[in-house]
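Visitor: Structure in structure tokens, see below.
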Amino acid sequence: MACVAALVASPALLAFPSTASYCSCRLRLRPAVVARAPRQQQPRGRRALRRFDEVEGVSKKRRGIGGGAGGAVGSQASSPRRDRGLAVDFKESQVAEFDDLEEDKFLNAVVKVYCTHIAPDYGLPWQKQRQHSSSGSAFMIGDGKLLTNAHCVEHDTQVKVKRRGDDKKYIAKVLARGIECDLALLSVENEEFWRGTEALSFGRLPCLQDSVTVVGYPLGGDTISVTKGVVSRIEVTPYAHGTSDLLGIQIDAAINPGNSGGPAFNEQGECIGVAFQVYRSDEAENIGYVIPTTVVSHFLNDFQKNGKYTGFPCLGVLLQKLENPALRESLKVPSSEGVLVRRVEPTAPASSVLRKGDVIVSFDGVAVGCEATVPFRSTERIAFRYLTSQKYAGDIAQLGIIRDGNSMKVQTILQPRKHLVPFHVEGGQPSYLIVAGLVFTPLTEPFIEEECEDTLGLKLLAKARYSLATFEGEQIVIVSQVLAHEVNIGYEHMGNQQLIKLNGTAVKNIHHLAHLVDTCKDKFLTFEFEDDFLVVLNREEATAASSDILKEHAIPSVRSSDLSEPYVETKTEVQKTSEDFGESPVTNFEMGIDCLLWA
């Protein structure tokens with residue numbers, strides 16, 4: 001059976017009361033497929049879709065929008081070897097015409113993926129949710145590797161693949177996951193699986209109106225499916241799973257749940273991308289999206305170069321378009337070019353060379369237009385974000401800027417963006433610390449979606465939507481609940497409140513909190529929460545009560561395994577809490593003004 005997960009729509013798309021969906025096959029289904037999913041498997045939509053629910057007055061969980069668009073990234077494969085042959089080759093293919101798809105040998109390179117998932121329980125971080133299964137598509141890329149979507153194998157415990165026309169399933173291993181680009185690399189060690197197979201060749205980025213054929217294993221049957229269409233648009237597109245903006249190909253070929261991870265072919269039989277999401281709306285039809293080979297090559301080359309996936313870098317700046325002539329004149333910008341810097345992330349390397357009020361007019365010698373676009377191919381323009389997405393983590397970019405009317409050149413290192421409230425949890429399991437029944441955990445988007453926004457309070461939600469990290473490793477630490485015991489009498493009704501200080505020391509992150517508790521020699525543990533709420537516990541009594549609390553609630557440990565590692569002190573000072581969130585949303589998905597965007 002198949003389900004549908006949420007696609008994050010851009011603000012323009014939000015003008016319509018629409019929903020959007022992944023094309024993965026999962027047991028977390030839309031109501032149109034099954035009546036109701038179990039509570040543990042309730043789909044989690046992204047933030048923009050939640051806005052629709054508020055406007056329409058419909059509960060996200062009742063509607064069943066989502067189905068795995070967000071969540072923690074699974075455990076990384078240990079010591080992945082650096083294999084050769086993963087780089088994309090864009091040379092002209094000598095393959096014959098792709099006229100008869102049903103009989104073409106390239107269909108044999110497309111396989112069906114069966115995945116068993118166990119997602120974390122963010123409300124009870126020491127345990128997992130109920131196991132569920134899904135199916136999707138993948139294809140052979142050479143060197144014993146398969147390519148699929150990251151959301152097809154998120155929180156995986158077992159991945160199996162089956163070839164076309166075969167009745168046997170083979171165990172596959174996940175070598176790398178690219179959350180932002182929604183790609184995953186698989187390997188199959190059984191040589192029998194590869195016998196008589198041929199890998200697909202990658203083609204160049206297509207042009208508008210080029211024919212495209214999508215192949216995969218969608219719902220409606222167990223055998224391979226082929227649908228045809230044309231390329232209708234190529235632009236920087238919101239990626240639902242990674243909450244990122246990367247180049248995407250929009251097509252009108254039918255894409256359904258289960259097509260996720262399947263290849264899209266051009267007329268020459270070359271793979272021009274990976275099917276991964278669709279847009280659902282009462283006013284629109286046949287809008288599907290394909291991850292282009294430029295993004296695929298970045299993912300594969302990143303893995304080959306570093307032995308793991310490091311991510312897509314960004315500048316970490318909030319930009320404003322400069323369409324208005326008076327605005328350009330006031331900034332002493334001589335022509336219709338450049339974008340205005342309105343905010344710089346404190347943790348971004350660009351914070352040392354850029355400041356509010358600068359105008360970025362070029363990136364590595366490419367002129368940036370006043371609408372935050374750059375030249376693309378011969379007669380097209382594309383969003384400025386496209387240039388940064390072509391870089392790798394650690395690359396250096398040269399920026400041409402205008403500051404106070406003076407033109408200058410500056411250089412900055414590009415690094416992947418670190419959100420104060422992350423959209424995915426690294427390692428697949430949330431961190432937690434239990435002190436006298438008080439359950440502390442970092443605030444994350446999966447936690448917010450699982451708990452429901454109305455239980456968190458407006459101030460905490462505002463921080464999640466508007467806050468930027470002020471130093472490396474910063475987290476918002478909250479007490480999610482209190483496990484009732486005589487040692488915490490009077491505090492048992494606390495929940496979802498931010499911890500600010502412990503014994504007068506500002507808490508930087510959950511690991512720092514564990515360090516403060518372990519090294520405390522005072523008689524009392526004094527916790528200061530948001531809104532000046534105070535919790536005081538006798539340290540010795542709190543320690544003695546731990547074993548009883550763990551036994552009563554069947555909890556294996558007072559802390560997650562990652563907090564057992566030695567804490568490394570940072571030299572960065574913590575910002576004042578009164579200045580811990582700004583006036584602009586931290587992602588483009590919730591940006592209410594079209595002329596503002598993050599890059």
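A quick yes/no check of all residues on (1) on the phi > 0 side of the Ramachandran plot; (2) of a type in the set (Lys, Arg); (3) surrounded by fewer than 24 Cβ atoms within 10 Å (Cβ to Cβ); (4) outside any strand (DSSP E or B):
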| residue | (1), (2), (3), (4) |
| --- | --- |
| 218 | no, no, no, yes |
| 236 | no, no, yes, no |
| 248 | no, no, yes, no |
| 277 | no, no, no, no |
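Visitor: Now a separate question. Among the candidates 173, 160, single out the residue that is in contact (Cβ under 8 Å) with a residue 12 or more places away in the chain, among the basic types (Lys, Arg), over 29 Å from residue 419 (Cα atoms) and assigned to a strand (DSSP E or B).
Guide: Unique residue meeting the criteria: 160.
Visitor: Between 291, 287, 255, which is modelled with pLDDT of 95 or more, assigned by TED's automatic domain parsing to the domain that holds residue 185 and more than 30 Å from residue 400 (Cα to Cα)?
Guide: Being modelled with pLDDT of 95 or more, assigned by TED's automatic domain parsing to the domain that holds residue 185 and more than 30 Å from residue 400 (Cα to Cα) holds for just one of 291, 287, 255, which is 291.
Visitor: Within the stretch 313-367, restricting attention to residues that are part of a loop (DSSP other than H, G, I, E, B) and of a type in the set (Val, Ile, Thr), which residue is modelled with the highest pLDDT?
Guide: Checked the stretch 313-367; the qualifying residue modelled with the highest pLDDT is 353.
Visitor: What do you reckon, is residue 501 of a type in the set (Lys, Arg), modelled with pLDDT of 90 or more and closer than 30 Å to residue 352 by Cβ? Talk me through it step by step, then tell me what you get.
Guide: On the way: of a type in the set (Lys, Arg): yes; modelled with pLDDT of 90 or more: yes; closer than 30 Å to residue 352 by Cβ: yes.
In short, yes.
Visitor: Sticking with this structure for a sec: On the basis of being outside any strand (DSSP E or B) and at pLDDT 70 or above, does residue 555 make the cut?
Guide: Yes.
Visitor: Looking for whichever is more than 14 Å from residue 405 (Cα to Cα) and in contact with a helix residue (DSSP H, G or I) (Cβ under 8 Å, 6 or more places away or on another chain) here; the options are 312, 299, 303. Which one fits?
Guide: 312
So that you can scan it fast, the table gives a plain yes or no per residue for (1) assigned by TED's automatic domain parsing to the domain that holds residue 492; (2) of a type in the set (A, V, I, L, M):
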residue	(1), (2)
386	no, no
393	no, yes
402	no, yes
406	no, no
422	no, no
439	yes, yes
443	yes, yes
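Visitor: Follow-up. Quick one: which of 426, 345, 323 is under 30 Å from residue 449 (Cα atoms) and out of contact with any strand residue (DSSP E or B) (no Cβ under 9 Å at 6 or more places or on another chain)?
Guide: One residue alone meets the criteria, 426.
Visitor: When you check residue 181 against the structure, is it part of a loop (DSSP other than H, G, I, E, B), surrounded by 15 or more Cβ atoms within 10 Å (Cβ to Cβ) and not assigned by TED's automatic domain parsing to the domain that holds residue 392, yes or no?
Guide: Answer is yes for this residue.
Visitor: Spot the failing condition for residue 388; the list is (1) assigned to a loop (DSSP other than H, G, I, E, B); (2) in contact with a strand residue (DSSP E or B) (Cβ under 9 Å, 6 or more places away or on another chain); (3) under 26 Å from residue 353 (Cβ atoms), and only one is missed.
Guide: Unmet condition: (1).
Visitor: I've got another one for you. So residue 423 clears everything in (1) surrounded by 20 or more Cβ atoms within 10 Å (Cβ to Cβ); (2) modelled with pLDDT of 90 or more; (3) part of a loop (DSSP other than H, G, I, E, B) except one condition, right? Which one?
Guide: For residue 423, the exception is condition (2).
Visitor: Say whether the condition of being at positive phi, in a strand (DSSP E or B) and in the same structural domain as residue 219 (by TED's automatic domain parsing) is met by at least one residue in the stretch 140-147.
Guide: yes
The values are calculated or read from the model by the stated rules, or taken from the named source; none is laboratory data. Since the model is a prediction, treat every value here as computed from it, not as a measurement. Every residue, glycine among them, receives a Cβ derived from its backbone with ideal geometry; neighbour counts consider all protein chains shown.
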